[in-house]
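For reference, the structure discussed in these notes is given below.
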Amino acid sequence: MLDVLHSDRFVDTAPTEVHATLLEEGTYLCSPRTMYRILTSSHEVRERRDHLRHPAYVKPELLATAPNQVWSWDITKLKGPRKWVYYHLYVLLDIFSRYVVGWMLAQSESGRLAQRLIEESCDKQNIEPGQLAIHADRGGPMISKGLGQLLADLGIDKSHSRPHVSNDNPFSESHFRTLKYRPEFPDRFGSPEHARDICRALFPWYNDEHHHSGLAFLTPATVHHGRAHEVLEVRYRTRLAAYAAHPERFINGPPQREKLPEAVWINPPKNTTHQVAPESTIVRPDDPEVVPIVSSCRSLASSPAFSASTIEAAQ
């Protein structure tokens, strides 16, 4: 069969053409699919056109079991006063506590500004080498050479989403949606100062007042600064007192203690944990044992989130 396909007559002809021509001449050697299998076994099948071949990107899998182990960051555009005018909001988010550890408003996307934000945020959170992994998509500032060198110098592992896969960065995407659905968030911002004023009010609300559904309705600051157990205990005792006064109102029996998620994933391995949201997972007591990617974590800093509100776009 190879000799026929290699002949001068058919050397530049597709197997389907060869098959059709031979049938019209009263000859049947094999099916077109068999011809392709024979050519494949001889390493003679490839794309004839010079198409760009994209590398196979590995799905990122990150696990956080405490604050300051995995951060996610992204940049979103805020509409300016007129068409084609945008301001750029940079946000660093701890995926375990959902706490905004740093934010910045600028008039452009810049790897240099991202370096400053990450470096100062790590300093305020007392991040040690080998403690933290930072996840982002593949935008220009995220994959810039300068930022990569900074992360290497700080001993921070970097992780990137696969191209065109928004689910690889779900926490940042969800955070931006929460902010933009707030009543005080306008359709357009009149100026950079207007945008900064709104952000200065939104981020304290998000960190200190917003009760997050993924955190047993605790605030991000409560979880990030290690006060979750204390607050959950107060809630439990309050419900116990209500149950003692009116047990008939609790149709499911005595109240149970709420539990904070023990671990949070970006892209959990399949058949390992219980899914609670698209591409994010918490570990239940009956799940198989999991080992965090980061084994050490220093004491949490109590300083407020970094706000580089005076930074302008790089000239």
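So that you can scan it fast, the table gives a plain yes or no per residue for (1) surrounded by 14 or more Cβ atoms within 10 Å (Cβ to Cβ); (2) touching a residue at least 12 places away in the same chain (Cβ under 8 Å):
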{"residue": "GLU119", "(1), (2)": "yes, yes"}
{"residue": "CYS122", "(1), (2)": "yes, yes"}
{"residue": "PRO129", "(1), (2)": "no, yes"}
{"residue": "HIS135", "(1), (2)": "yes, yes"}
{"residue": "GLY155", "(1), (2)": "no, yes"}
{"residue": "PRO170", "(1), (2)": "yes, yes"}
{"residue": "GLU173", "(1), (2)": "yes, yes"}
{"residue": "TYR181", "(1), (2)": "no, no"}
{"residue": "ILE198", "(1), (2)": "yes, yes"}
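Can you go through ASP197, ASP168 and tell me which one is acidic (Asp, Glu), in the same structural domain as LYS79 (by TED's automatic domain parsing) and closer than 14 Å to TYR87 by Cβ?
Residue meeting the stated conditions: ASP197.
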Please work out which one of (1) surrounded by fewer than 23 Cβ atoms within 10 Å (Cβ to Cβ); (2) in contact with a His (Cβ under 6 Å, 6 or more places away or on another chain); (3) hydrophobic (A, V, I, L, M, F, W, C) is the condition VAL85 fails and give its number.
(2)
Going through the stretch 257-282 in order, the residues found to be on the phi < 0 side of the Ramachandran plot and either modelled with pLDDT under 50 or not in a loop (DSSP other than H, G, I, E, B) (or both) are VAL264, TRP265, ILE266, THR273, HIS274, GLN275, VAL276, ALA277, PRO278, SER280, THR281, ILE282
Go through the residues of the stretch 16-30 one by one and say whether even a single one is assigned to a loop (DSSP other than H, G, I, E, B), polar (S, T, N, Q) and at positive phi.
no
Of the residues HIS229, HIS194, which is at pLDDT 95 or above, under 23 Å from THR65 (Cα atoms) and out of contact with any Gly (no Cβ under 6 Å at 6 or more places or on another chain)?
HIS229
Can you name the condition, by its number, that SER72 falls short on among (1) of a type in the set (Gly, Ala, Ser); (2) surrounded by fewer than 21 Cβ atoms within 10 Å (Cβ to Cβ); (3) within 16 Å of HIS175 (Cα to Cα)?
(2)
If the requirement is being within 26 Å of LEU232 (Cα to Cα) and of a type in the set (A, V, I, L, M, F, W, C), which of these qualifies: PHE203, PHE189?
PHE203
Kindly list, by first and then second residue, each pair from a residue in the stretch 73-99 that is on the phi > 0 side of the Ramachandran plot and at pLDDT 95 or above to a residue that is buried (at least 24 other Cβ atoms within 10 Å of the Cβ) and assigned to a loop (DSSP other than H, G, I, E, B), limited to pairs with Cβ atoms under 8 Å and residues at least 6 apart or on different chains.
none
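The values are calculated or read from the model by the stated rules, or taken from the named source; none is laboratory data. If you're wondering where the values come from, they're calculated on a predicted model, not measured in any experiment. Note that each Cβ is placed from the backbone with ideal geometry, even for glycine, and that neighbours are counted across all protein chains shown.
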